[in-house]
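Beneath this line is the structure, given in structure tokens, with notes to follow.
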């Protein structure tokens, strides 16, 4: 899943352009009464390389016991928390894997709530 381009946006030249796109969708959802007015605006202080498809099928264990993450076709530079959002979206395909992974990594719950708040504007 390439979250941004699946919704007809991006690629963005700078982080502020991506932030503005998210905040426009938040404003649309709030104006339509489909997102709480208290939802904070998106603020992307940190962008990171995200895989966007972390799942058992994309993990290989090497002969030395190291785990390799493969299949980077959906990867991109996104806000911290986007991989967690993708995991939540795709959790039904590997529920135990997702549950166990979330025991070890941050869930980025604030960012996930913000993403849920713009769903109306994306449909």
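Observations, loosely collected:
- Qualifying position, being outside any helix (DSSP H, G or I) and under 13 Å from the mean Cα position of the chain (by Cα), among 105, 54: 54
- In region 57-94, the residues that are without any contact (Cβ under 8 Å) to a residue 60 or more places away in the chain, under 14 Å from the mean Cα position of the chain (by Cα) and more than 15 Å from residue 105 (Cβ to Cβ): 75, 77
- Every condition in (1) surrounded by 11 or more Cβ atoms within 10 Å (Cβ to Cβ); (2) more than 25 Å from residue 120 (Cα to Cα) is met by residue 23 except one, and the failing one is (2).
- One residue from 37, 9, 32 being free of Cβ contacts under 8 Å to residues at least 24 places away in the same chain, closer than 19 Å to residue 120 by Cβ, exposed (fewer than 11 other Cβ atoms within 10 Å of the Cβ) and in contact with a helix residue (DSSP H, G or I) (Cβ under 7 Å, 6 or more places away or on another chain): 37
- Of the listed requirements (1) surrounded by 15 or more Cβ atoms within 10 Å (Cβ to Cβ); (2) in contact with a helix residue (DSSP H, G or I) (Cβ under 8 Å, 6 or more places away or on another chain), residue 70 misses just one: (1).
- When residues of region 111-123 are limited to those that are in a helix (DSSP H, G or I) and free of Cβ contacts under 8 Å to residues at least 60 places away in the same chain, the one farthest from the chain's Cα centre (by Cα): 116
No lab work stands behind these numbers, since they all come straight from the coordinates. Just so it is clear, the structure is predicted and the values come from calculations on it, not from any experiment. As a convention, Cβ positions derive from the backbone with ideal geometry for all residues, glycine included, and neighbour counts pool all protein chains shown.
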